[in-house]
Structures are given as C-alpha cells and as structure tokens.
1. Could you work out how far helix 4-14 tilts from the main Cα principal axis of the chain, as a 0 to 90 degree angle to the nearest 10?
2. Please calculate the 1.4 Å probe accessible area of CYS27, with all protein chains present, and give it to the nearest 10 Å².
3. Relative to the first principal axis of the alpha-carbon coordinates of the chain, what is the inclination of helix 88-104, with its axis defined by its Cα atoms, in degrees from 0 to 90 and to the nearest 10?
4. Counting helices only, and only those DSSP H runs with n ≥ 4, report the 222 nm mean residue ellipticity of the chain as the sum of -39,500 (n - 2.57) divided by its residues, in deg cm²/dmol to the nearest 500.
5. So how do SER210, SER132 rank on accessible area, 1.4 Å probe, biggest first, that is with the largest at the start?
6. To the nearest 20 debye, what is the magnitude of the charge dipole of region 17-271 about its Cα centre, counting +1 on the Cβ of each Lys and Arg and -1 on the Cβ of each Asp and Glu?
7. Among (i) 43; (ii) 27; (iii) 32, find the value of percent of Cα pairs over 29 Å apart that was calculated from the structure presented, and write down its label.
8. Which whole-angstrom value gives the distance between the alpha carbon centres of region 159-221 and region 23-85?
Amino acid sequence: MTRPELRVSAVQRELPRLPVIRNLGGCGVTILARVIAALPEVVLLSETNPRSSALYNGYLNPIVQIRKWSPELAAAISTFDEHELGYPPRFGELLECLHSASEKLGRNLVVRDFNYVDFIGIPFVWPVAHASSLDLAVAGRFCLSPIVVVRHPGDQLASLRSHRAIRANLTAEHYLNSYFTFLDAMKGAPLFRYEDIVADPRSYFPQICSQLGLGWDLSALERIASIDQVTGNPDGNKESVIREPRKTDAAALADEELRRFGSYSQLLIEMGYSA
C-alpha cells in the first residue's frame, strides 16, 4: 500500500516551477528585474501579488501588465477581471493560465513579488498580515523557486521613505520588526545582497538565474538599456548600466535611527552585514 505522505510528495514533484523574486522594497530590485526581463524568453510580472493587485491604479496588476507588455498572452487570461485578483485563489488561477500560455510559446513566467504589503503594509494595508499573499495563491499549484534580495537596512529604509506615501508613516521600529518577520517567513530561500550584485553582476547573475531555474545569458547586461517594462524606482528604470549607488545623508540618518534599537545588530547579522 502506498503511504499517503508518499502520494503527496509525488504530486508536489509534478507541480510546475515558478521563479519568484522576493524583497521588502527599496532594495534596488528594479535594476535586477530589468536584467531578468532582458533574458531571452522571459515574461516578468513586476511587483505583484494579491494584496498589491489594486495599488497605484492597477500599475501592479498582472492583467494590466500583460495587456501593456505582453499582449500576445492577453487572450489566455481574457476571462479574468483585474478587480478580482485580491482573492488569492483567483490570482493563482490567473498564474496557472499565464504559465501554461507562456510555456506554449517557449517562455518562462517569472514573478517579482511585492512583499512590502505583506510584511510592512503601512500605509497600503492595515492590519499587516505578516504572511505572503502569493504563497496563498500558488499553494497546490506551483513549486516555487524563490530568491530573497536584501539591502543594508539603513539604505533600504531611506529608499522606502523616498516614496511620499511611505515617508511620513513608516517608523524605524515597525520596519525593523517587519524585517524579522519577513526573514523568518523566507527561511530556506537563497539570500542575495544588493551590494554584492551591483559590485559583481557577472558573477552574481548566473547564481541568481540558477536558483530561479533560468538560463543565464551575458548579453542581458547589455540589453537592459532597452527594458522599460518593469515597475519600481524611476531611477532604476533609467539606468543603462549597473553601478554601486552613492551613500546618502538620508541613509546615514536612517541607520542612526535604527541603531537606537538593540535588535538592529541581530538583523544586520542575519542579513550578512557587519554589526
């Protein structure tokens, strides 16, 4: 007799693979996403999940993005309404249709998750769920191949606060507590530091692609100048080359603010930075 747990394992192995890029925002992932989108045969959904699907007038909605960026796939999701995707099961069904349609065209569907709304939330979502809405959507449908991208917390907090909606609402304490919850939820996923990626993209992008289950093509680093079909920081959408960012006064102030909390050293160590 086949044991039940063995039957479950067999089903899990048959699920299609879905590459997912995860971060809390302000990590410079816009430039990373542009490189991934520049790979041959990649269809990228950018900063999207059920909780983000209605934000910014649909800018982060996968149906809106497909209509604008990959209209050849629009027919495959014509029965879906962009306003229903806050419901995780329906979002998951949409991903299944897109994955199947992409596969038929010889393309790989990649999701750039928007974990800010899941784990930080303010001011877009309240109360904060502290759980991945994308995970709810894909449960039983996909086997995820995720990576997590982080950035030095001071630089990242300053970057997040450059957004007007976030600036007056996101405290250092809430950010800090949210980060611990996020990292705990993402345990087991390969972690990449933004600073390492931009310092040596030729070494790190092949590693990233390997973890995502994608083939690497060095020419993607040259093609990013033509890629603008990605959401995120406007500056990151304008860059034609990958370069290390300059330190800012705002980042230094954010770092100083975070150091008032005893747990900050622990966070830095968990992320691979010097305390």
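1. Between helix and principal axis, roughly 90 degrees.
2. Its accessible surface works out to 0 Å², give or take rounding.
3. With both axes taken from Cα atoms, the answer is about 70 degrees.
4. On the way: 15 runs with 126 residues, N = 275.
One gets -12500 deg cm²/dmol as the mean residue ellipticity at 222 nm.
5. Numbers: SER210 80, SER132 10 Å².
From most exposed to least exposed: SER210, SER132.
6. Working: 25 positive and 29 negative charges, 29 e Å.
About 140 debye.
7. (iii)
8. 18 Å
The values are calculated or read from the model by the stated rules, or taken from the named source; none is laboratory data. Here the structure is a predicted model, which is why all the values come from computation and not from measurement. Positions of Cβ are backbone-derived with ideal geometry, glycine not excepted, and every protein chain shown enters the neighbour counts. For the accessible areas, the whole protein counts, side chains as well, though only heavy atoms, and no ligand, DNA or RNA atoms are used. Shrake-Rupley method; radii C 1.70, N 1.55, O 1.52, S 1.80 Å.
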